[in-house]
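Input: a single structure, listed below in structure tokens.
The values are calculated or read from the model by the stated rules, or taken from the named source; none is laboratory data. This one's a predicted model, so the numbers in the text were calculated from it and none came from an experiment. Reconstructed Cβ throughout: ideal geometry from the backbone, glycine too, with neighbour counts over all protein chains shown.
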Amino acid sequence: MLLSDRVRLRHLEIFVEVARQGSVTRAADALSLTQPAVSRSLRELEATLGKPLTEKAGRGLRLSPFGVSFVEKAARAVALAREAVEETRRTDGPPVTLGALPTVSATIVPEAVARFRALALGSRLTVRSGENDVLLEQLQRGALDLVVGRLPAPERMLGLTFEPLYRERVVAVVARGHRLAGQPLTPDALGTGPVLVPSRGSIIEGAVARLLLEHGLTPPQDAIETVSDSFGRAFVLNHGAVWFISEGVVRADLAAGRMTALPLDTATTLGPVGLCLRQDVTLSPAAARLADLLREAASGRS
């Protein structure tokens, strides 16, 4: 026999309130029930348990030893049931977790997230940013619903699909007023100050390496490897570095005039940016809507 055939949530709610009030009458008033209804519920619960839960104490009542033992668990069960009901009422769907590489974290992702929030779908959204390998591993094991960024290497795409959204190039940037601003980038010039290049294993590492070879450039021995957009931005603006980075990462800085792109032909670094999804896995309605919003935010970009 199912427990719910004999014990219902109302039995526990009424018992917990009687224990709190120390009186059937006051419990009935608090629950907007009649006194006979409260008394009947208590008798039914005691009959199911086979133990007395209350005993008389003057004009009121108190919990029996069995009641003292039972009330804490009953109160916890009632609280958990109420929490589950409220959470279900507030949420229309499962949570959505998006992985975003730095190149999109400051461009299409904020636009898509703002539109997603405006829809009030009720699904909690989490945005995680990080290195490509980490995000793809999380996607493959189901910790992320989708990842947006540059096309990964083929060996990283096991069990995944890629949907291109737009194409983006690498740029070499410096802070406004830098001594190299507007000047051709020569081997001598590149060797006279700090240089930031992509970390080994990062998506754009190969593109930047080829770019440097094409132009006869070699990064200095003390070049700093990083894919951190926050560190790169601070180091360029405050310490005069030359930074080779995806244009999307510094798009806002270029538009605001905080940085300037050096006159270097980077056409060969042009590569696809898009959505990585798991094969044969259907997105939840909320995750599918977020994917659509990312497509919309990306439309019109080169």
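Summed over the stretch 187-227, residues that are touching a residue at least 60 places away in the same chain (Cβ under 8 Å) and surrounded by 17 or more Cβ atoms within 10 Å (Cβ to Cβ) total 6.
Restricting attention to the stretch 34-60 and to residues that are touching a Phe, Trp or Tyr at 6+ places or on another chain (Cβ under 8 Å) and either aromatic (Phe, Trp, Tyr) or not in a loop (DSSP other than H, G, I, E, B) (or both), the residue that is surrounded by the fewest Cβ atoms within 10 Å (Cβ to Cβ) turns out to be LEU49. Criterion applied to GLY201, GLY206, GLY216 was being more than 29 Å from the chain's Cα centre (by Cα) and either within 18 Å of MET259 (Cα to Cα) or outside the structural domain of PRO102 (by TED's automatic domain parsing) (or both), and the one residue passing it is GLY216. Right, ARG233: modelled with pLDDT of 90 or more and loosely packed, with under 14 Cβ neighbours inside 10 Å or not? Here the answer is no, as ARG233 does not meet what is asked. Criterion applied to ARG115, ARG76, ARG82, ARG59 was being under 24 Å from ARG278 (Cβ atoms) and of a type in the set (D, E, K, R), and the one residue passing it is ARG115.
Looking for something β-branched (Val, Ile, Thr) and crowded, with 17+ Cβ neighbours inside 10 Å - is there at least one such residue anywhere in the stretch 25-33? Write out each step before concluding.
Let us first name the residues in the stretch 25-33 that are β-branched (Val, Ile, Thr), namely 25.
Keeping just the survivors that are crowded, with 17+ Cβ neighbours inside 10 Å gives none.
No, the stretch 25-33 contains no residue that is β-branched (Val, Ile, Thr) and crowded, with 17+ Cβ neighbours inside 10 Å.
Just one of (1) assigned by TED's automatic domain parsing to the domain that holds HIS11; (2) in contact (Cβ under 8 Å) with a residue 24 or more places away in the chain fails for LYS51. It is (2).
Scan the stretch 125-141 and tell me whether some residue there is farther than 17 Å from SER202 by Cβ and of a type in the set (Ser, Thr, Tyr). Looking through the stretch 125-141, at least one residue is farther than 17 Å from SER202 by Cβ and of a type in the set (Ser, Thr, Tyr). In the stretch 117-172, the residue that is nearest to ASP280 (Cα to Cα) out of those that are touching a strand residue (DSSP E or B) at 6+ places or on another chain (Cβ under 6 Å) and part of a helix (DSSP H, G or I) is LEU139.
Please verify whether the stretch 222-229 includes one or more residues that are assigned by TED's automatic domain parsing to the domain that holds LEU262 and among the polar types (S, T, N, Q). Yes, because at least one residue in the stretch 222-229 is assigned by TED's automatic domain parsing to the domain that holds LEU262 and among the polar types (S, T, N, Q). Just one of the listed residues (GLY159, GLY149, GLY142) is closer than 26 Å to LEU237 by Cα and either without any contact (Cβ under 8 Å) to a residue 24 or more places away in the chain or outside the structural domain of SER228 (by TED's automatic domain parsing) (or both), and it is GLY149.
Within the stretch 166-173, can one find any residue that is in contact with a Leu (Cβ under 6 Å, 6 or more places away or on another chain), among the aliphatic types (A, V, I, L, M) and farther than 17 Å from LEU294 by Cα? Yes, there is a match, as at least one residue in the stretch 166-173 is in contact with a Leu (Cβ under 6 Å, 6 or more places away or on another chain), among the aliphatic types (A, V, I, L, M) and farther than 17 Å from LEU294 by Cα. Going through (1) outside the structural domain of ARG176 (by TED's automatic domain parsing); (2) surrounded by fewer than 20 Cβ atoms within 10 Å (Cβ to Cβ); (3) in contact (Cβ under 8 Å) with a residue 60 or more places away in the chain one by one, ASP280 falls short only on (3).
With under 29 Å from the mean Cα position of the chain (by Cα), of a type in the set (A, V, I, L, M) and surrounded by fewer than 17 Cβ atoms within 10 Å (Cβ to Cβ) as the only criterion, which of ALA255, ALA297 stands out? Show your work before the answer.
Values: ALA297 fails: surrounded by fewer than 17 Cβ atoms within 10 Å (Cβ to Cβ).
Exactly one of ALA255, ALA297 is under 29 Å from the mean Cα position of the chain (by Cα), of a type in the set (A, V, I, L, M) and surrounded by fewer than 17 Cβ atoms within 10 Å (Cβ to Cβ), namely ALA255.
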